[in-house]
Amino acid sequence: MDTKPWRDRVREEDALLEQLQTLTSQSAARRAAALIEGVAELGSVYAVAKDVGKSWTAVDNAIKRNKKKGPTKADPTTTA
């Protein structure tokens, strides 16, 4: 049975991990946007949390984590 050299397998897995991390980050941002929309509709983080069956701290933290992600230092649209 021929297997790929271990270095090639490591590179492939690193690329896959990077792709998964990007997808996870994008999903978290979309989820936070939906939670923010829920807060606007229902009036509070607590009401959204109750509606989706999560703790209010989990909902609040998800929203806060997304709000913290602003422009990065590498972003040319930021001003110094």
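The values are calculated or read from the model by the stated rules, or taken from the named source; none is laboratory data. These numbers were taken from a predicted model, which means no experiment stands behind them. Every residue, glycine as well, gets a Cβ built from its backbone with ideal geometry; the counts of neighbours run over all protein chains shown.
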Hey, among 58, 28, 34, which residue is surrounded by 11 or more Cβ atoms within 10 Å (Cβ to Cβ), under 17 Å from the mean Cα position of the chain (by Cα) and touching a residue at least 24 places away in the same chain (Cβ under 8 Å)?
28
Tell me yes or no: at least one residue of the stretch 41-54 is touching an Asp or Glu at 6+ places or on another chain (Cβ under 7 Å) and either modelled with pLDDT under 95 or not in a loop (DSSP other than H, G, I, E, B) (or both).
yes
